[in-house]
1. Could you look through the stretch 65-96, keep only residues that are crowded, with 16+ Cβ neighbours inside 10 Å and in a loop (DSSP other than H, G, I, E, B), and pick out the one that is modelled with the lowest pLDDT?
2. Go over the candidates 223, 231 one by one and state the one that is closer than 27 Å to residue 307 by Cβ, assigned to a helix (DSSP H, G or I), modelled with pLDDT under 95 and not basic (Lys, Arg).
3. Given the structure, is residue 445 of a type outside the set (S, T, N, Q), in contact with a helix residue (DSSP H, G or I) (Cβ under 8 Å, 6 or more places away or on another chain) and open to solvent by 50 Å² or more (accessible area, probe 1.4 Å)?
4. Quick one: in the stretch 388-445, of everything that is outside any helix (DSSP H, G or I) and of a type in the set (Val, Ile, Thr), which residue is farthest from residue 518 (Cα to Cα)?
5. Is it true that some residue in the stretch 346-364 is open to solvent by less than 50 Å² (accessible area, probe 1.4 Å) and either within 30 Å of residue 161 (Cα to Cα) or among the acidic types (Asp, Glu) (or both)?
6. Quick one: in the stretch 470-510, of everything that is among the β-branched types (Val, Ile, Thr) and in contact with a Lys or Arg (Cβ under 7 Å, 6 or more places away or on another chain), which residue is farthest from residue 522 (Cα to Cα)?
7. Would you check if residue 385 is small (Gly, Ala, Ser) and on the phi > 0 side of the Ramachandran plot?
8. Of everything in the stretch 460-478, what is farther than 14 Å from residue 395 by Cα and either open to solvent by 60 Å² or more (accessible area, probe 1.4 Å) or of a type in the set (Phe, Trp, Tyr) (or both)? Give them in sequence order.
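The values are calculated or read from the model by the stated rules, or taken from the named source; none is laboratory data. Small disclaimer: the values here were computed from a predicted structure and weren't measured. A quick note on method: Cβ atoms are made from the backbone with ideal geometry, for glycine too, and the neighbour counts reach across all protein chains shown. Ligands, DNA and RNA are excluded from the accessible area calculation, which covers all protein heavy atoms including side chains. Shrake-Rupley method; radii C 1.70, N 1.55, O 1.52, S 1.80 Å.
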Amino acid sequence: MNLKRIYSISFIIPAIAVFFIALIPTLKYGWPLSWDIIYHVQYAKIYTQYGFVLTDPLLNAPYGQNINYPPIFHFLIAGLGTLLKIDYFQIARFMQPFLAMFIVLSTSYVANKFYGKIAGISTGFLIISSYLLSRIILPLPENLALIFLPLAVYFYYKSLEEGVLKYAFIAGFIFILTLLTHLVAPEVLLLVVTLFTILTLILNRDISVLKNYGVFLSFSLILLITGLIALLLLKPDLFSSITHQGLALVSSGIRLNYNQPMGALAYIKNIGALVLIFAVIGGIFALKKMERKHIFIFIWILAMFLLSNAYWFGINTVTYRVLIYLLIPLSILGGFGLSQVYYKLKDYNIFSSRSFRSLFLISIFALSTFLGVLTVEDPEIAIFGSTTKFGYIQISPPGDSEMDMAKWFDENGNKSRSVLVSNIYAGYFLATESEMPIHFKFENFNNSTPKSVFEKEKIGYIVYDKRLTFTSENKTIDMKLAYSLFGPLYYFNKDIHTHINEIIPDYAKVVYENDDFIICQVEY
């Protein structure tokens with residue numbers, strides 16, 4: 001009886017395995033595996049200090065910057081940090097194995113429901129084998145949303161297949177959770193649900209299926225209306241802010257101004273050979289049977305593949321970031337393929353024994369685990385950088401110089417005045433760690449800018465990153481703006497330390513310098 005019970009929940013085994021795999025870099029490195037976590041922690045601190053607001057007052061001072069993310073992830077960090085009295089960055093760091101575990105558990109559970117126990121456990125281990133494991137363990141709102149997404153897809157599929165509206169209602173509730181967690185995940189979920197609805201309309205030729213779709217969406221609409229009424233009554237100022245800038249906030253959060261496509265070899269490398277091999281095998285078996293659930297999985301995979309190549313249709317996309325949405329259905333199909341190989345081995349006398357077939361599965365699981373460990377043991381998993389036309393610079397984890405600079409500002413900075421920073425990444429960290437307001441548009445200020453302009457904008461400090469230099473034959477000081485993936489960097493054509501007095505205004509003075517940064521105070 002106990003063995004049967006264990007077998008029935010075997011899909012949790014890969015989730016446990018990935019927890020311990022993700023624990024390796026979590027314990028090995030003292031910093032969360034992400035650059036993005038800097039501004040997510042920043043938002044969590046803002047919510048802790050100001051309550052729920054739409055604008056971060058420490059960024060783009062003195063005007064503030066729209067918080068272009070839903071709040072659930074930041075509330076989670078703030079809540080855990082406050083409850084446990086632990087630094088928010090450390091909260092994010094120890095979220096890593098839990099996020100990875102629940103993503104794998106969610107996907108394995110769905111595969112188990114679609115294709116059975118062997119497929120469920122196989123799906124989880126195939127995810128572990130993928131190089132995208134390096135993204136799954138990052139402490140990001142998207143990964144929290146990815147826990148919900150497969151479950152919502154499954155429950156909506158179940159509502160279509162069984163004609164039971166309560167499952168569409170459950171899917172709608174989960175959809176709300178994704179809406180409150182991330183901006184892209186609910187769009188992906190809505191796309192999949194819409195395609196499932198259209199497919200069911202075609203297969204069943206019954207318009208009543210639109211009831212399921214209506215129930216799925218109505219929960220969101222009811223909650224939205226209820227929330228807005230509550231805000232209108234309890235916090236009219238916040239209601240006004242949401243209605244005036246909410247749509248613009250969402251738009252700016254999902255719009256991309258750049259493309260990062262990916263070649264075929266990069267697809268294979270990131271998704272992983274094992275996933276692709278068994279997904280192909282699963283596809284072959286599925287085509288032979290062509291059951292309805294196979295068609296739904298195919299549609300899900302096709303939609304995610306096209307989404308990862310949205311630039312074909314003139315829509316900017318970062319393909320690598322979308323691959324995680326493709327990995328989920330591919331792994332489910334791959335889990336089905338691996339389970340079918342396991343069962344088909346019965347047909348061959350030499351391989352038909354249960355011991356051999358179990359050994360085969362265990363070997364694939366062991367190989368997947370080994371590949372997962374290799375992924376997290378790669379030192380590059382902990383280092384994040386930004387590349388411009390002038391070169392590469394590390395942006396996370398923050399180095400000793402950034403830590404020392406933030407400490408100086410925390411102890412000596414006048415928080416009523418803002419900071420101009422030539423390195424926007426260091427600026428985000430500075431705001432998060434020392435609560436100094438950061439003034440954007442570094443290029444608008446130079447050594448000839450009148451003091452009155454600095455005074456009007458309440459700029460009290462200028463920080464120069466000495467690493468940001470470029471080669472030029474120009475004998476005079478020249479500054480160049482270089483765009484990177486997440487923001488601008490400002491380079492000088494001369495050694496900044498040597499020429500600092502030519503770079504800064506006459507009414508500014510150097511008050512602190514370390515290996516990488518020079519802090520100048522504007523005197524007024």
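1. 68
2. 223
3. no
4. Step one: list which residues in the stretch 388-445 are outside any helix (DSSP H, G or I), which gives 388-399, 413-423, 435-441, 445.
With of a type in the set (Val, Ile, Thr) added as a condition, the list becomes 388, 393, 395, 419, 421, 438.
On the way: 388: 22, 393: 17, 395: 17, 419: 12, 421: 10, 438: 16 Å.
Going through the qualifying residues, I end up with 388.
5. Among the residues of the stretch 346-364, not one is open to solvent by less than 50 Å² (accessible area, probe 1.4 Å) and either within 30 Å of residue 161 (Cα to Cα) or among the acidic types (Asp, Glu) (or both), which makes the answer no.
6. By that ranking, first place goes to 477.
7. When the stated conditions are applied, residue 385 does not pass them.
8. 461, 464, 470, 471, 473, 474, 475, 476
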